[in-house]
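The values are calculated or read from the model by the stated rules, or taken from the named source; none is laboratory data. As the structure is a prediction and not an experimental result, all values here were calculated from the model. FYI the Cβ positions are ideal-geometry reconstructions off the backbone, even for glycines, and counts take in every protein chain you see.
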Amino acid sequence: MSDLRSLVRRRGSLLLSALLLCALPFYLDAFWLRIGLFSMAAAIGAVGLGLLSGTAGQLSLGHAFFLATGAYGYVWLAGEPGPGLPPAVAAVLAVLLAGAAGGLFSPVAGRVKGIYLGVATLALVFLGHHVLLTADSVTGGFNGRSVPPLEAGGFAFADSGPRLTVLGVPFGAEERLWYLGLALFALTCFTARGLLRGRPGRALAALRDSETAASVMGVHVARYRSAAFVVSSMYAGLAGVLLALSFRRVVPDYFSLALSVDYLAMIVIGGLGSVAGASAGAVFVTALPLLMTRYADQLPLVATPGSGDGAIGPTEASRYLYGAAIVVILLRAPDGLSGLAGRARARLRRRPPVTGPPGAASDSESSEESGASGASGASDDSDDSDPSARAKEHTP
Amino acid sequence: MSAPAPAPAAAPPALEVRGVSVRFAGLLALDDVSFTVAPGTVHAVIGPNGAGKSTCFNVLSGLYRPTAGTVRLGAARLTRLAPHRIATLGVARTFQNIVTTGGTVADNLMLGRHALSRAGFTATALRLPSAVREQRAHLARAREIAELTGLGNHFDTPVTLLPYGDRKRVELARALCLEPRVLLLDEPVAGMNAAERARTAEVVRDVRARLGLSVVLVEHDMGLVMRLADEVTVLDFGRVVAHGTPDEVRRDPEVLRAYLGTGTGTATATTAVTKEDAT
Ligand SMILES: Nc1ncnc2c1ncn2[C@@H]1O[C@H](COP(=O)(O)OP(=O)(O)OP(=O)(O)O)[C@@H](O)[C@H]1O
Ligand SMILES: [Mg+2]
């Protein structure tokens, strides 16, 4: 019976957060939608990395490479120069391409274990960056390429095409992409949770905990290690496609080692091995620099972009901040945000519910909310400055 | 499709160990060891500490490749196969030092069902009906095995929260989840109290009778060995020093020497063995 009630409660909160997320484009301006969009893309990538590093215990510093494969794969496949495929087909193929790239690496990914794989994958990032810079005809070189908008059935996820107004709110690129991002994020959560709770997830977790036990129980060690790598690459590819669509331009310098490290930070902050945790970590790591850039003038010690007065730039400042967050988490709560949330929830359940602060027990999607609910209040101060200027923080 | 219920008790093929040697940098851990586990019997492998019993299990389950010799299960030559292939042939084992994986008892037991289930990454990620159905069927069987081994109440408990004896039993249950034809038990009752020992012995006897599997048992508890085993092989310094029924082995002077160093104290050893036997 309590089972049933918790099921209803969980379904209910899932539905509620889904509704809330769907309603946000009606209240938020493009700047906040962008933050949400980048966060959703990052969350997809982080869930993939979480599967590899958190569940299977394989360190990867090559995530940026697979994000780039997805992003550039889409741009090339859908664009000119390139085969100029229908964008939806190109998006699917880009994800498969990232998976195939992960598969090519499987002789290494299947045999090399844990932290050593991290070192091996380091090479991928540098290789990838080099190729992005030099293969001009495909990647556009240093200046990158502009991203063809996604179109499906005559509907474009961009400002182009017929104007769209829903309930009096004009739907531009951000609003449209928001729903695409939500759908892809939901797909990611659905599939990743299914994997984790099913046979493959259990085999991967067993591999992480004891390769010996896993192998004598019938788990093909090398095959599962490389499969984890391929799956994680595919999520990275999907994240790459969404990132490309959100940025509207892809440039090589974005896909650097720092990006790989950002993704590791996401899953450590969120808590290894949990889909909700990876998503929460992704929101934190993604939103922080964007918010700090925007509010740089109100923050002590942080320079406004372009002022060049010797103080720390907002991006660096946010790196310091989440570096500190990682240290605190490793010391105080090694299971990350998801572990903290789980414990808070357990405590709330044990005590009479009045004492608990409402909403302390967060769920996977509420992490998305928290990034955005703080947003809804702030968005009222009618900010009409060009939001794309903010995003350029990410695309140098 | 693949019925998760136990297969009808078709007698497992014989497990033949022939001339197996294992060398670790100068140390001959197993020296030309041969024995045969007859189908459906409990075969004990005993010997003092460091005799090579666990090394022998590591060869049987494919974790170590022997320097010489072969192990056959029926027509299959195990010494050529990787551990996961040996598992799919129906050879399951437990470890002397508990090797459970994270998660709940259910998670561990479901790992035992791995070799018997099919669902791959795509089917599981998309939660296809076939994968969901398979998982449900195997979960039901895992719960049955948990009940059988006395873990029914702990099915959803994280393994790390269980006391030692229960964790040891999780390993036994996980091995049983493979529906093995040959079950390798490395000191299954070490560190257990008398009641837990009796319970584990009961389970082993029960599954052997019901499922007709062969059991290879490494155990220092002579009482348990004498009660359960049909045949005993005694190892000392990697060599087989005696072989026979429990009664034969108990009287073998070689065995007494192996356990006690010299021929002295023969009477004590015999009485110790018989006393344990009586309990
Ligand atoms: N991986 C290894 N590398 C080197 N030496 C090993 C290794 N494994 C076992 N040995 C050695 O081989 C010998 C046999 O060890 P084994 O663990 O098989 O003994 P055992 O009969 O299981 O003893 P116990 O009753 O203490 O469990 C010991 O001397 C041990 O130190
Ligand atoms: Mg041993």
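Sort out which residues of segment B:93-127 are of a type in the set (Gly, Ala, Ser) and either within 16 Å of ligand 2 (Cβ to nearest atom) or more than 20 Å from B:GLY152 (Cβ to Cβ) (or both), and write them in order of number. If the condition is that a residue be of a type in the set (Gly, Ala, Ser) and either within 16 Å of ligand 2 (Cβ to nearest atom) or more than 20 Å from B:GLY152 (Cβ to Cβ) (or both), then B:GLY102, B:ALA115, B:SER117, B:ALA119, B:GLY120, B:ALA123, B:ALA125 are the ones that fit.
When residues in segment B:11-53 are screened for being more than 13 Å from B:ALA68 (Cα to Cα), in a strand (DSSP E or B) and either within 16 Å of ligand 2 (Cβ to nearest atom) or touching a residue at least 24 places away in the same chain (Cβ under 8 Å) (or both), 10 of them pass.
Among the numbered conditions (1) within 14 Å of chain B (Cβ to nearest Cβ); (2) buried (at least 22 other Cβ atoms within 10 Å of the Cβ), tell me where A:PHE190 comes up short. Only one criterion is unmet by A:PHE190, namely (2). Enumerate the pairs (first residue in segment B:76-99 and under 17 Å from B:ALA175 (Cα atoms); second residue anywhere and basic (Lys, Arg) and assigned to a loop (DSSP other than H, G, I, E, B)) with beta-carbon separation below 9 Å, excluding pairs fewer than 6 apart on the same chain, so at least 6 apart or on different chains. Cβ pairs passing all conditions: B:LEU89/B:ARG181; B:GLY90/B:ARG181; B:VAL91/B:ARG181; B:ALA92/B:ARG181.
Residue count for segment B:108-119, restricted to those that are part of a helix (DSSP H, G or I) and at the interface with chain A (Cβ under 7 Å from one of its Cβ atoms): 5. Restricting attention to segment B:54-88, the residues that are in contact with a helix residue (DSSP H, G or I) (Cβ under 6 Å, 6 or more places away or on another chain), within 16 Å of ligand 1 (Cβ to nearest atom), at the interface with chain A (Cβ under 10 Å from one of its Cβ atoms) and not in a loop (DSSP other than H, G, I, E, B) total 1.
For the structure I just gave you, tell me whether B:ALA195 is within 16 Å of ligand 2 (Cβ to nearest atom), more than 21 Å from B:ASP107 (Cβ to Cβ) and at pLDDT below 90. Considered against the rule, which asks whether it is within 16 Å of ligand 2 (Cβ to nearest atom), more than 21 Å from B:ASP107 (Cβ to Cβ) and at pLDDT below 90, B:ALA195 comes out as no. None of B:VAL91, B:VAL105 is over 14 Å from A:GLY201 (Cα atoms), more than 7 Å from chain A (Cβ to nearest Cβ) and in contact with a His (Cβ under 9 Å, 6 or more places away or on another chain) except B:VAL105.
Each row is one residue, and each column tells you yes or no for (1) within 19 Å of B:GLY238 (Cβ to Cβ); (2) touching a His at 6+ places or on another chain (Cβ under 9 Å).
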site	(1), (2)
B:VAL20	yes, no
B:ASN49	yes, yes
B:THR122	no, no
B:LEU128	no, no
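Only residues that are more than 16 Å from ligand 2 (Cβ to nearest atom) and under 22 Å from B:ALA146 (Cα atoms) were counted in segment B:198-227, giving 18. Kindly check whether there is at least one residue in segment B:12-24 that is within 16 Å of ligand 1 (Cβ to nearest atom), closer than 25 Å to B:ARG205 by Cα and assigned by TED's automatic domain parsing to the domain that holds B:ALA190. Yes, that holds for at least one residue.
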